[in-house]
Protein chains: 2
Amino acid sequence: MNGSDSTSTVSGSSTPRRSDATRGAILAAARERFAADGYERATIRAIAKDANIDPSMVMRYYRNKEGLFAAAVAIDLRLPDVSGADRRPDAGRILVEHFLGLWEDNEVLTALLRVGATNQAGAERMQGILRDQLLPVAQQVCPDPEQVPARAALMASQLLGLALTRYVLRLPPAVGLAREEIVAWLAPTIQRYLTAPAP
Amino acid sequence: MNGSDSTSTVSGSSTPRRSDATRGAILAAARERFAADGYERATIRAIAKDANIDPSMVMRYYRNKEGLFAAAVAIDLRLPDVSGADRRPDAGRILVEHFLGLWEDNEVLTALLRVGATNQAGAERMQGILRDQLLPVAQQVCPDPEQVPARAALMASQLLGLALTRYVLRLPPAVGLAREEIVAWLAPTIQRYLTAPAP
DNA sequence: CTCGTTGGCCAACATCTGTTGACCAACATG
DNA sequence: CATGTTGGTCAACAGATGTTGGCCAACGAG
C-alpha cells in the first residue's frame, strides 16, 4: 500500500541519504521492541530512546506508528527451493531446518508473531507472508492445486506452533528441545502434510 | 497468591453474595474483550461498559487489571483420559477432537493465547496449563518419564499452532479447513508425538 | 425503626500515549 | 558569503488509561 518500501533491509541505495544511519537505528530499535513487547507496549518513546533520537523523528520518517511497524517487519523468508526431484523427499527436513535458522537469528519473526496475535495489521501481514511465500512452496511439491492451500495451512500450523511455544511463550519443555530433536520430530510431519495423499 | 479465589467458574457458593450477578457479568465481558483485543487494548472502561457497570466496580471486585485477568482465564481443559489400553491407540484422534470442541465454544482459550503472546503473566498462565494439564496426558501414554516433557511440548506445538493460525490469526486457508479434515491430518501427528519411539 | 454493611455511581487524579509544530544547527550549492 | 535543504531537538496538545476516594441507596439483623 505504502510507497516508502524502498528502504528495506537491502541497502540498495540510489540516493544515500545522510539520515540513513538514524533510519536504520530506528528500525533496529523498533524490531527489538516489537519483538519483546508487542505492538501496544512498544511505545514510540521507548523506541526513540533506544535509537538515541527524539520521538518526533520517528513520525517524520515513518508517518505514524503503523507505518513504522510496516517498515520494521518487512521480511523475506528466503525459503529454499524444494521442487527438484532429489530434494522433494527431503522437503520436510530442509524446511524445518531453514525455519529454525530463520527464527533463531531474526527477531523480526518474533515481532511479527507477537504483534499478529493482538493486532489486525499484524495478522494481515502474516496472511500476506503465508500467501506469497509459504503457499508457493506447497505448490512446488503438491501436484493437485486444489489441495495446496490446505497443505500450506497445515505446514504453517506446525511451524508457527513451534515458534509460538518456543520463542514467544517460551514454554520450558519447548525451549529445552534440542535443535536436532526438533528436526527429527517435525520433519516427517511437514513431509506428510506436503506430500502424503489426502486422508 | 490471592486469597479471593473462591469465586471461580464453579458456582459452589458458601456465601452467595448479592453481587454475584455483577461479578459474573464482569468476568464474561472481560473474557470477551481479552479474547478479541488482547491484554493492553482490553481496557477496564470498555469491559465495564459491556457489563453495564462503573469501571470502579472492577477494581473493587478484582483489585486491579491483573487480578481481573487472572480471574477471567481460570480454566480447566477437562482433558479426556486416554490411559486405557483400548483408547491409547486412538489418543491422537480423541485429543484433537476434544481440542477442537474446546476452542470452538470457549473464548477463554483465545483470550489466553492472545494475551500470552504479549504479556508475561499470560505466558506464565499457559506454562501452568501445559504443566498441570497437558503433561499428565503425555504421561498416561508414554512409559519413559524422561521423554514426557518433550512429547507434551511437541503436542502443544501442533495443537496451539492450529489454534493460532485458525482462531487467532485467522489465516484464511486455516479457517477454511473442515473439522474432519483437521482431525484426519492432525490425529496421526499427535499420535506419533505421543507414542512413536523417539527418533 | 435503627444502623452497620453491601452494591453502586460519580468525579477526579496522575500518568502515559501518539502526534504536531515551532525552532535551531549543519550542510551543500549558487 | 548567502541561501535553501536536511537532520534534529523541545515543548506542548488532546485524549485515553489504571486507579482512588467520596458519596448515596438498598438491604438485613438487632
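The values are calculated or read from the model by the stated rules, or taken from the named source; none is laboratory data. Fair warning: this is a prediction, and the values are worked out from it, not measured in the lab. Neighbour counts are summed over all protein chains in view; Cβ atoms, including those assigned to glycine, are modelled from backbone coordinates with ideal geometry. Just the protein is used for accessible areas: all its heavy atoms, side chains included, with ligands, DNA and RNA removed. Shrake-Rupley method; radii C 1.70, N 1.55, O 1.52, S 1.80 Å.
May I ask you to find the residues of the stretch A:140-168 that are shielded by at least 30 Å² of accessible area once the whole protein assembly is considered instead of their isolated chain (probe 1.4 Å)?
Buried-area filter returns A:Ala150, A:Ala153, A:Leu154, A:Ser157, A:Gln158, A:Leu160, A:Leu164, A:Thr165.
Can you give me the C-alpha center-to-center distance between the stretch A:149-199 and the stretch A:16-42, rounded to a whole angstrom?
30
Identify the trypsin sites (Lys or Arg not before Pro) of the stretch B:25-94 meeting these criteria: DSSP loop state and at most 15 other C-beta atoms within 10 Å of the C-beta.
Answer by residue number: B:Arg63, B:Arg78, B:Arg87.
Rounded, prolate or oblate: which fits the protein assembly as shown when a ≥ b ≥ c are the square roots of the eigenvalues of the alpha-carbon gyration tensor, with rounded for a/c under 1.5 and prolate only if a/b beats b/c?
Because a/c hits 1.5 or more and a/b fails to exceed b/c, the protein assembly as shown counts as oblate.
Given the rule -39500 (n - 2.57) for each run of at least 4 DSSP H residues, summed and divided by the residues of chain A, what is its mean residue ellipticity at 222 nm, to the nearest 500 deg cm²/dmol?
Result for chain A, helices only: -19000 deg cm²/dmol.
With +1 on each Lys and Arg Cβ and -1 on each Asp and Glu Cβ, how big is the dipole of the stretch A:20-72 about its Cα centre, in debye rounded to the nearest 20?
With only Lys, Arg, Asp and Glu charged at Cβ, the dipole is about 100 debye.
At a cut-off of 40 Å², which residues of the stretch A:115-130 become less accessible once all protein chains are present than in their chain alone, using a 1.4 Å probe?
Buried on complex formation: A:Ala117, A:Thr118, A:Gln127, A:Leu130.
Using a label position 7 Å from Cα in the Cα→Cβ direction, what is the ascending list of nm distances from A:Val175 to the same site in the other copies?
For A:Val175, the other copies' label points sit at 3.4 nm, shortest first.
Quick check on the stretch A:20-72: take the gyration tensor over C-alpha atoms, sort the square-rooted eigenvalues as a ≥ b ≥ c, and tell me if it's rounded (a/c under 1.5), prolate or oblate.
Verdict is rounded for the stretch A:20-72.
List the distances, in nm to one decimal, from the label point of A:Glu124 to the label points of the same position in every other copy, shortest first, placing each label point 7 Å from Cα along the Cα-to-Cβ direction.
3.6
Round to the nearest 0.05 the FRET efficiency obtained for B:Arg17 and A:Ala196 when R0 = 56 Å and r is the Cβ-Cβ distance.
0.50
If one takes the longest principal axis of the Cα atoms in chain A, at what angle in degrees, from 0 to 90 and to the nearest 10, does the Cα axis of helix A:91-104 lie?
Its long axis makes an angle of about 20 degrees.
For B:Asp144, put the label point 7 Å out on the Cα→Cβ axis and report which residues of the stretch B:88-106 keep their amide N under 20 Å from it.
Output list for this probe position: B:89, B:92.
For the B and A pair, go ahead and give the buried accessible area with a 1.4 Å probe, both sides summed, in Å² to 100.
3900
For chain B, what is the relative contact order in percent, using Cα pairs closer than 8 Å and at least 6 residues apart in sequence?
On the way: 191 pairs, mean separation 44.1, N = 199.
The value is 22 percent.
Suppose you put the label 7 Å out from Cα in the Cβ direction; list, shortest first and in nm with one decimal, how far A:Pro199 is from each other copy's label.
Result, one decimal in nm: 1.7.
Could you state the angle between the C-alpha long axis of helix B:148-163 and the longest principal axis of the C-alpha atoms of chain B, as a value from 0 to 90 degrees rounded to the nearest 10?
With rounding to tens, the tilt is 60 degrees.
For the rotation that brings chain B onto chain A, whose beta-carbon in chain B is nearest the axis, and what is that distance in whole angstrom?
B:Gly161, 1
Residue by residue, what Karplus-based ³J(HN,Hα) values in Hz, rounded to whole numbers, does the stretch B:128-139 have, using 6.51, -1.76 and 1.60 with θ = phi - 60° and x for Gly and Pro?
x, 5, 4, 5, 8, 10, 7, 4, x, 5, 4, 5
With the cut-off at 1.5 for a/c, could you classify chain A from its C-alpha gyration tensor as rounded, prolate or oblate?
Prolate.
Only residues of the stretch A:23-65 count here: report those whose backbone N is under 17 Å from the spot 7 Å along Cα→Cβ of B:Gln120, or say none.
Under cut-off, by backbone N: A:33-43.
Taking the simple approach of a point 7 Å from Cα along Cα-to-Cβ for both A:Arg131 and B:Arg131, what is their distance in nm?
Distance between label points: 4.1 nm.
Under a plain spin-label model, where a point goes 7 Å from the Cα along Cα-to-Cβ, how far apart in nm are B:Glu181 and A:Asp76?
Reported label-point gap for B:Glu181 and A:Asp76 is 3.1 nm.
So how tilted is helix B:20-41 from the main axis of chain B? Cα-based, degrees 0 to 90, rounded to 10.
Here the helix axis deviates by roughly 60 degrees.
In the Gaussian network model of chain B, springs joining C-alpha atoms below 10 Å, which of B:Tyr61, B:Tyr167, B:Tyr39 carries the largest mean-square fluctuation?
Of B:Tyr61, B:Tyr167, B:Tyr39, the most mobile in the Gaussian network model is B:Tyr61.
With every protein chain present, what is the per residue accessible area of chain A (1.4 Å probe, Å²)?
Per residue, chain A has an accessible area of 48 Å².
Would you check the accessible area of B:Glu124, probe 1.4 Å, heavy atoms only, in square angstrom rounded to 10?
About 100 Å², rounded to the nearest 10.
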